[in-house]
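K.L.:
Sharing a structure, written as structure tokens. Questions coming.
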Amino acid sequence: MGGPFDFSLNAEDRLGVLSSTAPVAEGAASLHIDAAAVQAFAKAHGQMEAPRPGEDGLHCTFLKPRRFLNYLLVLEALNFCFWDTEPRWRVPAAGGLHDGYWALAAALRRAIREDRLPLWEGEFLAELNEVQLRRMLRGSGRPPPLMEERLANLREAGRVLCSQWGGEFANLVESCAGNAPELAQAIVRDFPSFRDEAVWRGRKVRFYKRAQICVADLARMLPGHPLGRLRGLEQLTAFADYKVPQVLRKEGILVPAPELARRMDRKEELAAGSLEEVELRAATIWACEWIARALASHSPAGQLAPSAAEVDYLLWSAGQDKTGLPPYHRTRTIYY
């Protein structure tokens, strides 16, 4: 069993995310994880509890569970790359103007509630066109980036649902019998746009950000329904994106080398799959793993500490308050 601040595995790694990112985080040349900062953060925050964001009400939980699951797949198929120069994409809802992920949630809710679009129908998704998508995601400012890729993801989701799962994501979920890691693996297997992998010094590296967050969101949003009762959620890792490393850098936990720090501070784009970008994501996963281990070491006997995935959610929530945050790294990618 590994210690709190090494790269050994403490448990089964069915997804291969921890085992494939460990050599990257350990051997990274562009940044490092500060173990002392991890320990200090864990001591200062004790039993971390995430606030339930008010924007959670933007999710379409009013749908019947089986329709909701198709909506959830749509949400996660589009859940990537919201950063842009001003004026950024923003969508009005519930008396506010939302950007980023919450703009997406607001747009999908509007599409279902006001535009009466059947986003739960695989046939509709498979035949969606660009004009329909742009109207669905209409808002102020620039349209969200990577629109062609977003359309391709939705069409893929519709095709796969119709050809393999009777048009219902719920059928895939049921086939995994409540096993969270198996569900994430099935999503990666059947939907290529969720196959979030890279190569680092000749090694395949697995991240599976959107597949894992789809599983975590299902359990979080349908906690009282059989489809949402998943076991093995503690085996999920952090969801390596651009917001969580931003918070980790603020806390002194992720420490980029001077050249990478300069590039991030100048808001230069890091190419997807580049050495620095892969190392940054791998270090994010292991920083959250170390925080979870440190929190566990401080927890009273019999009291569960947050998992690495829960730590990720706590940090992501903290990152919605932009006060004092350094610039996040910028990468154009469909994976986060």
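The values are calculated or read from the model by the stated rules, or taken from the named source; none is laboratory data. All figures in this text were calculated on a predicted structure; none of them were measured in a lab. Heads up, the Cβs are rebuilt from the backbone with ideal geometry, glycines too, and the neighbour counts pull from every protein chain shown.
K.L.:
For the range 221-240, give me the residue count where each residue is aliphatic (A, V, I, L, M), within 16 Å of the chain's Cα centre (by Cα) and buried (at least 21 other Cβ atoms within 10 Å of the Cβ).
P.N.:
Residues that pass the stated criteria total 3.
K.L.:
Separate question: Taking only pairs six or more apart or across chains, which ones have beta-carbon atoms under 6 Å, a first residue in the range 96-109 that is crowded, with 19+ Cβ neighbours inside 10 Å, and a second residue that is assigned to a strand (DSSP E or B)?
P.N.:
Taking only residues 6 or more apart or on different chains, the pairs are 98/91; 99/90; 103/90; 103/91; 106/91; 106/93; 106/98; 107/91.
K.L.:
Return the residue satisfying two criteria in turn: it lies in the range 14-26 and is outside any helix (DSSP H, G or I) and out of contact with any Phe, Trp or Tyr (no Cβ under 8 Å at 6 or more places or on another chain), and of such residues it is modelled with the highest pLDDT.
P.N.:
Ranking the qualifying residues of the range 14-26, first place goes to 16.
K.L.:
Taking the range 221-262 only, how many residues are in a loop (DSSP other than H, G, I, E, B) and closer than 20 Å to residue 208 by Cα?
P.N.:
Qualifying residue count, the range 221-262: 9.
K.L.:
Here's a follow-up. Checking residue 145 against (1) within 30 Å of residue 286 (Cα to Cα); (2) buried (at least 20 other Cβ atoms within 10 Å of the Cβ), which test does it fail?
P.N.:
Going through (1) within 30 Å of residue 286 (Cα to Cα); (2) buried (at least 20 other Cβ atoms within 10 Å of the Cβ) one by one, residue 145 breaks only (2).
K.L.:
So which residues in the range 144-166 are within 18 Å of the chain's Cα centre (by Cα) and under 13 Å from residue 121 (Cβ atoms), if there are any at all?
P.N.:
Within the range 144-166, 154, 157 qualify.
K.L.:
Can you confirm whether residue 101 is hydroxyl-bearing (Ser, Thr, Tyr) and in contact with a Cys (Cβ under 6 Å, 6 or more places away or on another chain)?
P.N.:
It is false that residue 101 is hydroxyl-bearing (Ser, Thr, Tyr) and in contact with a Cys (Cβ under 6 Å, 6 or more places away or on another chain).
K.L.:
Sticking with this one: Taking residue 301 as the residue in question, decide whether it is farther than 23 Å from residue 191 by Cβ, of a type in the set (A, V, I, L, M) and more than 20 Å from the chain's Cα centre (by Cα).
P.N.:
yes
K.L.:
Could you tell me which residue of the range 87-110 is farthest from residue 76 (Cα to Cα), considering only residues that are among the charged types (D, E, K, R) and in a helix (DSSP H, G or I)?
P.N.:
By that ranking, first place goes to 110.
K.L.:
Okay, next question. Looking at residue 53, is it modelled with pLDDT under 95 and under 18 Å from the mean Cα position of the chain (by Cα)? Before you say what the answer is, go through the steps one by one.
P.N.:
Numbers: modelled with pLDDT under 95: yes; under 18 Å from the mean Cα position of the chain (by Cα): yes.
Taking the combined requirement at face value, the residue satisfies it.
K.L.:
Could you tell me how many of the residues in the range 180-206 are more than 19 Å from the chain's Cα centre (by Cα) and either of a type in the set (A, V, I, L, M) or crowded, with 18+ Cβ neighbours inside 10 Å (or both)?
P.N.:
2
K.L.:
Quick one: which residue in 93, 177 is surrounded by 18 or more Cβ atoms within 10 Å (Cβ to Cβ) and not acidic (Asp, Glu)?
P.N.:
Testing whether each residue is surrounded by 18 or more Cβ atoms within 10 Å (Cβ to Cβ) and not acidic (Asp, Glu) leaves just 93.
K.L.:
Can you confirm whether the range 57-64 contains a residue that is outside any loop (DSSP other than H, G, I, E, B), surrounded by fewer than 17 Cβ atoms within 10 Å (Cβ to Cβ), touching a residue at least 60 places away in the same chain (Cβ under 8 Å) and not hydrophobic (A, V, I, L, M, F, W, C)?
P.N.:
no
K.L.:
Before we move on, is residue 273 assigned to a loop (DSSP other than H, G, I, E, B), more than 22 Å from residue 193 (Cα to Cα) and out of contact with any Ser or Thr (no Cβ under 6 Å at 6 or more places or on another chain)?
P.N.:
Answer is no for this residue.
K.L.:
In the range 27-50, how many residues are touching a helix residue (DSSP H, G or I) at 6+ places or on another chain (Cβ under 8 Å), surrounded by 13 or more Cβ atoms within 10 Å (Cβ to Cβ) and modelled with pLDDT of 90 or more? So that I can check it myself, show each step before the final result.
P.N.:
The initial filter retains those residues of the range 27-50 that are touching a helix residue (DSSP H, G or I) at 6+ places or on another chain (Cβ under 8 Å), namely 28-33, 35, 38-39, 41-43, 45-50.
After this cut, where a residue has to be surrounded by 13 or more Cβ atoms within 10 Å (Cβ to Cβ) as well, the list is 28, 30-33, 35, 38-39, 41-42, 45, 48, 50.
Still in the list and also modelled with pLDDT of 90 or more: 28, 30-33, 35, 38-39, 41-42.
Adding up the residues that qualify gives 10.
K.L.:
Out of (1) part of a helix (DSSP H, G or I); (2) surrounded by 15 or more Cβ atoms within 10 Å (Cβ to Cβ); (3) more than 14 Å from the chain's Cα centre (by Cα), the odd one out for residue 218 is which?
P.N.:
Among (1) part of a helix (DSSP H, G or I); (2) surrounded by 15 or more Cβ atoms within 10 Å (Cβ to Cβ); (3) more than 14 Å from the chain's Cα centre (by Cα), residue 218 violates only (3).
K.L.:
Evaluate the following for residue 279: is it surrounded by 24 or more Cβ atoms within 10 Å (Cβ to Cβ), in contact with a strand residue (DSSP E or B) (Cβ under 8 Å, 6 or more places away or on another chain), under 24 Å from residue 23 (Cβ atoms) and not β-branched (Val, Ile, Thr)?
P.N.:
When the stated conditions are applied, residue 279 passes them.
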